[in-house]
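Since the structure comes first, as structure tokens, the remarks are kept for the end.
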Amino acid sequence: MTNRLTGIKTRGLIMVALAFCFSTAQAQQSGTSSDSLIYQQLKDYGIRFSHDNSIKVIMSGQEKFDCLFQDIRQARHSIHLEYFNFRNDSIAMLLFDILKEKRREGVEVRALFDAFGNDSNNQPLLKKHVEALRSDSIDIWEFDPIRFPWVNHIWPRDHRKIVVIDGKIAYTGGMNVADYYIKGTEQVGAWRDMHCRIEGNTVNDLQHIFAKIWKKTTQEDISQKAEYFRGEDAGNKCIGIVNREPRTTNDVMRYFYVNAIDDAQDSIRIINPYFTLRPCITKALKRAIKRGVKVELMISAKSDIPLTPDCAFYNMHRMMKKGAHVWLYQPGFHHSKIMMVDGKFCTIGSTNLDARSLRFDYEENAVIIDKETTRELDHMFDRDKQESVYMTKEVWNEFRTPWQKFRGWFAYLLSPLL
């Protein structure tokens, strides 16, 4: 066993959740499936679904950038990019070179990155880099700059990852723009993450999200210009975009996760890198286990930041003791943020299961009501289990020293801030 473990180093929401738990229980008794339940619940909240999309699930950084750069090179009208950060490295420089070429062809380019995401990056874009890009006619802006002494601007941040090309093709998921999605890092090894490419009317929803934050940042309103909203029938996949914004849709992501977990009748599978959880998610998972749903959780043995993993391991152990099946992913850092329910619907997005994502930041997830897409993610989960360690009491005691267990408990106390 030691060899296998080598290298592992508001009240309103509660009332809403309880109400939907009751309605979900009634629906399950009447035989309503979990995908029908979540579809109706999100529609009641105001989430728009379209049924005419195509979706390509992207499971590696190399695949993401290959596909994205090919689509950008073929752009004819506009390219819009919204990222938490563009790391100042070779993949970002290649992206910017391609964008410069598209500007010379007359294609409009608008790019947005989060100030905190950039400043907290160990290879940030500097002022001179941004000015050079602007001199090449790339309209690039920093969302909500943090300037001393206004440290209150640390929250909320724009953690979304959205690209819209010609109003017809969109990319979204968990990946920023950085070499380590391809090359990994010395600290954690291979860096795993998920993304997806979408065509269809859901592209218009992602464009509206971009247009809103673009106006907030630059005062330019592109939301009424039809040429940016060209999404059209492209397939038969049902997709809805859950978009969390401070003050307007504060509880939507918690609402989605709680109801999706409460709707589950057979299985729940979650991969999430920062498993610090909120009480509402914890309680929903416990309810699922209690009613016989098979709950499988996967988190990485390695992480890119301190303290937060300690809290994640602490929560993982708590879930294991309640009956969840927990897997420790070994080869590198699984930064993916996905969930699959009953083999019927799934989500891919930017949302971590931590306080920052669920209570503070701008986040966005694609909810995909489709068995085929969900099956793809389930197959990936099964493959990744082959490179993971199944958590038991014995493994836990070998994996975590008494000091590390204490550190996890302490981190858990700080989870509302993590």
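Assorted remarks:
- Test: residue in the range 133-141 that is polar (S, T, N, Q) and either surrounded by fewer than 21 Cβ atoms within 10 Å (Cβ to Cβ) or more than 29 Å from ILE338 (Cα to Cα) (or both): yes
- Restricting the range 364-418 to residues that are among the hydroxyl-bearing types (Ser, Thr, Tyr) and in contact with a helix residue (DSSP H, G or I) (Cβ under 7 Å, 6 or more places away or on another chain), the residue that is modelled with the highest pLDDT is TYR412.
- Among the residues of the range 238-282, the ones that are surrounded by fewer than 18 Cβ atoms within 10 Å (Cβ to Cβ), farther than 26 Å from SER388 by Cα and in contact with a helix residue (DSSP H, G or I) (Cβ under 9 Å, 6 or more places away or on another chain) come to 3 in all.
- Leading residue by the ranking (surrounded by the fewest Cβ atoms within 10 Å (Cβ to Cβ)) among those in the range 193-214 that are outside any helix (DSSP H, G or I) and in contact with a helix residue (DSSP H, G or I) (Cβ under 7 Å, 6 or more places away or on another chain): ARG197
- Looking only at residues of the range 218-237 that are more than 22 Å from LYS43 (Cβ to Cβ) and of a type in the set (A, V, I, L, M, F, W, C), we find that the one that is surrounded by the most Cβ atoms within 10 Å (Cβ to Cβ) is ILE222.
- Condition check for THR217: touching a strand residue (DSSP E or B) at 6+ places or on another chain (Cβ under 9 Å) and part of a strand (DSSP E or B): no
- Checking each residue in the range 301-357 for being closer than 26 Å to ILE38 by Cα and aromatic (Phe, Trp, Tyr) picks out only PHE345.
- Qualifying strands (runs of 3 or more DSSP E) (wholly inside the range 21-123; at least 1 residues being crowded, with 21+ Cβ neighbours inside 10 Å and either aromatic (Phe, Trp, Tyr) or over 25 Å from the mean Cα position of the chain (by Cα) (or both)): 78-83, 108-114
- Residue check for PRO145: part of a loop (DSSP other than H, G, I, E, B) and either surrounded by fewer than 15 Cβ atoms within 10 Å (Cβ to Cβ) or in the same structural domain as LYS337 (by TED's automatic domain parsing) (or both): yes
Yes or no, residue by residue, for (1) part of a loop (DSSP other than H, G, I, E, B); (2) charged (D, E, K, R):
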residue: ILE305; (1), (2): yes, no
residue: ASP310; (1), (2): no, yes
residue: THR347; (1), (2): no, no
residue: LEU353; (1), (2): yes, no
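- Helices (runs of 4 or more DSSP H) lying entirely in the range 371-418 (those with 1 or more residues that are in contact with a Phe, Trp or Tyr (Cβ under 7 Å, 6 or more places away or on another chain) and crowded, with 17+ Cβ neighbours inside 10 Å): 371-385, 402-413
The values are calculated or read from the model by the stated rules, or taken from the named source; none is laboratory data. Computed from a prediction, not measured in an experiment: that's the story for all the values here. All Cβ positions, even for glycine, are placed from backbone atoms using ideal geometry, and neighbour counts span all protein chains on display.
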